[in-house]
Amino acid sequence: MQNMLPPAISLMGPTASGKTDLAVRLVQSSVQPLPLEIISVDSALVYRDMNIGTAKPDATVLARAPHHLIDLIEPTEAYSAGRFRTDALRLMGEITARGHVPLLVGGTMLYFKALKDGLDDLPKATPALRAELEARAAQEGWPALHAELARLDPETAARLNPNDSQRIQRALELCLSTGGTMTALLGQHSAHADEAVLPYNLLQVSLVPTDRAWLHDRINRRFGAMVREGLLDELHALRRQYDLHADLPSMRCVGYRQAWSYLEGELDMAGLLAQGAAATRQLAKRQLTWLRGWQGAHEVDCMDAPQMEGVLEMVRAHLGR
């Protein structure tokens, strides 16, 4: 039955693991062109004018390998896993209708989870509970609520930044209103919701380094390069162009949060470089936590060039080429 479904490919991995470069090579394979179209699975790339700090592919790369689902909304707006699933399924249908194959590339694991298993049946938030949590956060801080979540739902808490107010709030709402956990509810949903099943024969590839120090070094060097290439000037321009504040989802993105603190005089350059790189390493750690428990993915060592090249043959075999 699975082989009768149209093919699709997901390429997952932590930040700085080489996902974009590999995806572009797959699209542009000189040996045998593959009919692939890239769909970005990245909660930061949806924002317009946020280019440097999100490591958004530049115009040259996009000309060689166009990406769907980037530059969708302004930094003042919000985007959700549910909206991503709707957008991605629509695009996957359009790509398939063209005789091409969707190639989903990114590191926002909640979006991959939403696409594969669905999220729509989770209980809705109650306004009273939400207001209570927001009041507590204002008094105690989001790290304190993250610590409470770690007691109630350690698996979900391990995937979240202690300052990720939006997701901490949602996970706590589910814990406190249902007596269960987001982890359990997601599992129940994927087990019984037939309508959530992804109607594609999905090849899942995860890029995971065998040496965490290798990834950390790439992250440190990349964040330093972002600052040198104008991250602060970019954020300064964004603050002039848009009505931004530090609690917007866009400004909670790794790198932008630390750059905001620098512009506010809360960090010096050494602190910006250290905290920005550290926050990115923490993001990678959370992404790897997701990937360790991910079912059905072919794990590829992103440090190993032959293994990375082998993904092309894996894709060809999946497509019957």
Problem set entry | Amide H within-cut-off set for His68, under 5 Å, with H built and near neighbours excluded | Ile38, Ile39, Ser40
Problem set entry | Per-residue [θ]222 nm for the chain (sum of -39500 (n - 2.57) over DSSP H runs n ≥ 4, rounded to 500) | -16500 deg cm²/dmol
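When a footprinting reagent is the concern and you count Cβ atoms within 10 Å, what order do Val105, Val311 take, fewest first?
Starting with the residue having the fewest Cβ neighbours, the order is Val311, Val105.
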Problem set entry | Under 5 Å, built H, 5+ apart or other chain: amide partners of Leu34 | Ser29
Problem set entry | Convex hull volume per residue for segment 127-186, taking Cα atoms only, in Å³ | 69
For this session: Would you kindly derive the ³J(HN,Hα) couplings of segment 311-320 from the backbone phi angles with the Karplus curve 6.51 cos²θ - 1.76 cosθ + 1.60 (θ = phi - 60°), listing them in order in whole Hz, with x for Gly and Pro?
Result: 4, 4, 5, 4, 5, 4, 5, 5, 8, x
Exercise. How far apart, in nm, are the 7 Å Cα→Cβ label points at Arg83 and Asp304?
Worked result: 4.0
For this session: May I ask you to list the aspartates and glutamates whose Cα is less than 18 Å away from that of Lys19, ignoring any residue fewer than eight positions away on the same chain?
Result: Glu37, Asp42, Asp58, Asp211, Asp217, Glu299, Asp301, Asp304, Glu309, Glu313
Problem set entry | Tail beyond 38 Å, pair distance distribution of the chain (Cα, percent) | 14
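Quick note: the coordinates plus some simple rules give every number you see, no bench work behind them. All values derive from a computational prediction rather than experimental measurement. Here the Cβ is made from the backbone with ideal geometry for all residues, glycine too, and neighbour counts use every protein chain on show.
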